[in-house]
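One structure is given here, and the rest of the page talks about it.
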Amino acid sequence: AKEYRWEEMFKVLVAYKEEFGDCLVQATSNYGGKKLGQWVSNLRRGKGNLILEKMERLDDLGKA
């Protein structure tokens, strides 16, 4: 369930970037009916806990 939630939130982040052109989500932002800002904020704080594949996907999204 945790992996499914991560994938769903990643899709929401991709949609956010497509709309706004960046991944600079405010911590309090809701987007697509999801608490995207809270999710991104948690990722930023716990980046060292992410597996390499997820870090690479986030990095690639930020560079695109």
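The values are calculated or read from the model by the stated rules, or taken from the named source; none is laboratory data. What you see is a predicted model, and the numbers here were worked out from it, not measured in a lab. Glycine gets a Cβ as well: all are built from the backbone with ideal geometry, and neighbour counts include every protein chain shown. Remember, those area values only see protein heavy atoms, side chains included, never the ligands or the DNA or RNA. Shrake-Rupley method; radii C 1.70, N 1.55, O 1.52, S 1.80 Å.
Computed quantities for the displayed model
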{"item": "Mean Cα-pair separation over length for the chain, i.e. relative contact order, pairs under 8 Å, 6 or more apart, %", "result": "24 percent"}
{"item": "Nonlocal amide H pairs with C23, under 5 Å, H built at 1.01 Å", "result": "none"}
{"item": "The chain, helix-only ellipticity at 222 nm - DSSP H runs n ≥ 4, -39,500 (n - 2.57), divided by all residues, nearest 500", "result": "-20500 deg cm²/dmol"}
{"item": "Near-label residues of the range 2-35 by backbone N, under 17 Å of a point 7 Å along Cα→Cβ of E53", "result": "2-11"}
{"item": "Cut-off under 5 Å, modelled amide H: who pairs with S29 long-range", "result": "G37, Q38"}
{"item": "Residue-normalised accessible area of the chain, expressed per residue, 1.4 Å probe, Å²", "result": "72 Å²"}
{"item": "The range 7-16 - phi-based ³J(HN,Hα) in whole Hz, Karplus 6.51/-1.76/1.60, Gly and Pro as x", "result": "4, 5, 5, 4, 4, 5, 5, 4, 5, 4"}
{"item": "Using θ = phi - 60° and Karplus 6.51 cos²θ - 1.76 cosθ + 1.60, couplings along the range 27-34 (whole Hz; Gly, Pro as x)", "result": "4, 9, 6, 10, 8, x, x, 10"}
{"item": "Tensor-based shape of the range 1-59 (alpha-carbon gyration tensor, a/c under 1.5 rounded, otherwise prolate or oblate)", "result": "rounded"}
{"item": "Inter-label distance for L61 and L24, nm, one decimal - labels placed 7 Å from Cα along Cα-to-Cβ", "result": "1.8 nm"}
